[in-house]
Amino acid sequence: MIPTMHSATARLKASVRDIPDFPQPGIIFKDITPILQDGQLFRLAITIFSERYQRKNIEQIVAIDARGFLFASALAYVLGIGLSLVRKKGKLPYKTVQTAYDLEYGSNTVEMHIDSIKKGQRVLIVDDVLATGGTMKAAMDLVGQLGGEVVEVAFFAEIEFLQGREKLGKVPVFSAMKF
Ligand code: AMP
């Protein structure tokens with residue numbers, strides 16, 4: 001762990017912007033774009049992840065559509081390992097596995113390419129925000145369908161009162177910060 005990790009996290013946390021009633025009334029949206037826009041802050045965020053994962057023998061990173069892509073791809077680059085995508089239905093061009101999950105209103109289907117994970121591969125799944133946990137649970141289901149082993153799931157930020165962690169079962173859950 002780098003010595004300044006605590007203050008780095010505090011700086012990052014102070015830079016997350018709350019947007020009330022977006023995308024619908026009652027939701028406080030955690031806007032991470034101020035971190036992306038600042039080269040130092042973005043690098044700090046990726047350093048927190050890379051410090052944690054560089055010695056965990058992760059073999060593949062799975063990135064969740066769409067803001068998860070931003071953190072996951074930078075982390076995969078730093079660690080020098082491959083990136084596999086979880087995308088909303090209809091975006092991936094090759095053969096896919098799919099899973100559907102419930103949202104607050106309605107449902108959503110996500111997909112992965114059938115060859116994007118090798119059987120037994122040690123996988124880290126990355127997303128920006130853990131809210132109710134439904135999206136991550138669906139991603140874990142897809143990795144499971146492909147025979148991957150989810151070593152840990154990682155988020156830039158966790159919204160604790162929504163208790164998404166509890167939906168994820170026994171898999172270790174890391175969040176760089178909690179709200
Ligand atoms: P959930 O499936 O409820 O855990 O929602 C997680 C997904 O929705 C993540 O991919 C987030 O990008 C997004 N999300 C849900 N709630 C919020 C929020 N309050 N602020 C920012 N992103 C959110």
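For a quick check: with amide H placed at 1.01 Å from N, whose amide H comes under 5 Å from Gly82's, ignoring anything fewer than 5 positions away on the same chain?
Ile61
Out of residues 5 or more away from Ile27 or on other chains, whose amide H comes under 5 Å of its own, with H placed 1.01 Å from N in the peptide plane?
Excluding prolines and chain starts, which carry no amide H, the hits are Asp21, Phe22.
Helix-only estimate, please: 222 nm mean residue ellipticity of the chain, summing -39500 (n - 2.57) across DSSP H runs of length 4 or more and dividing by its residues, to the nearest 500.
Rounded to the nearest 500, it is -9500 deg cm²/dmol.
Step through the table entries Lys91/Lys167; Lys30/Lys167; Lys119/Lys167; Lys118/Lys178, compare each Cα-Cα distance with 29 Å, and write down the pairs that go over it.
Going by Cα-Cα distance, Lys118/Lys178 fall outside the 29 Å limit.
In segment 34-112, which chymotrypsin sites (Phe, Trp or Tyr not before Pro) fall in coil by DSSP and have 13 or fewer other Cβ atoms within 10 Å?
Tyr94, Tyr105
Output ³J(HN,Hα) for segment 37-42: one whole-Hz value per residue in order, computed from phi by the Karplus curve 6.51 cos²θ - 1.76 cosθ + 1.60 with θ = phi - 60°, and x for Gly and Pro.
Computed from phi, the couplings for segment 37-42 are 6, 10, x, 5, 5, 4 Hz.
Amide H of Lys178 versus every other amide H placed in the peptide plane: which residues, excluding those fewer than 5 positions away on the same chain, fall under 5 Å?
Under 5 Å from the amide H of Lys178: Glu158.
For the chain, set up a Gaussian network in which alpha carbons nearer than 10 Å are linked by springs, and say which option among Thr33, Thr99, Thr132 fluctuates the most.
Result: Thr33 has the largest fluctuation of those listed.
Short version: ³J(HN,Hα) in whole Hz for each residue of segment 126-136, in order, from phi by Karplus 6.51 cos²θ - 1.76 cosθ + 1.60 (θ = phi - 60°), x for Gly and Pro, what are they?
Whole-Hz 3J(HN,Hα) from phi for segment 126-136: 10, 9, 7, 10, 9, 10, 7, x, x, 5, 5.
Tally Lys/Arg at +1 and Asp/Glu at -1 over every other residue whose Cβ is under 12 Å from the Cβ of Ile117; what's the total?
Residues near Ile117 contribute 0 overall.
Where Lys and Arg each count +1 and Asp and Glu each count -1, what net charge lies around Tyr101 among other residues with Cβ under 9 Å from its Cβ?
-1
Can you classify segment 118-179 as rounded, prolate or oblate using the Cα gyration tensor, where a ≥ b ≥ c are the square roots of its eigenvalues, rounded means a/c under 1.5, and otherwise it's prolate if a/b beats b/c and oblate if not?
prolate
If you add up the charges near Lys167, with Lys and Arg at +1 and Asp and Glu at -1, over every other residue whose beta carbon is less than 15 angstrom from its beta carbon, what do you get?
-4
Computed from the coordinates by the stated procedures, all read-outs in this text should not be read as laboratory data. Fair warning: this is a prediction, and the values are worked out from it, not measured in the lab. Virtual Cβ from ideal backbone geometry, glycine too; neighbours counted across all protein chains shown.
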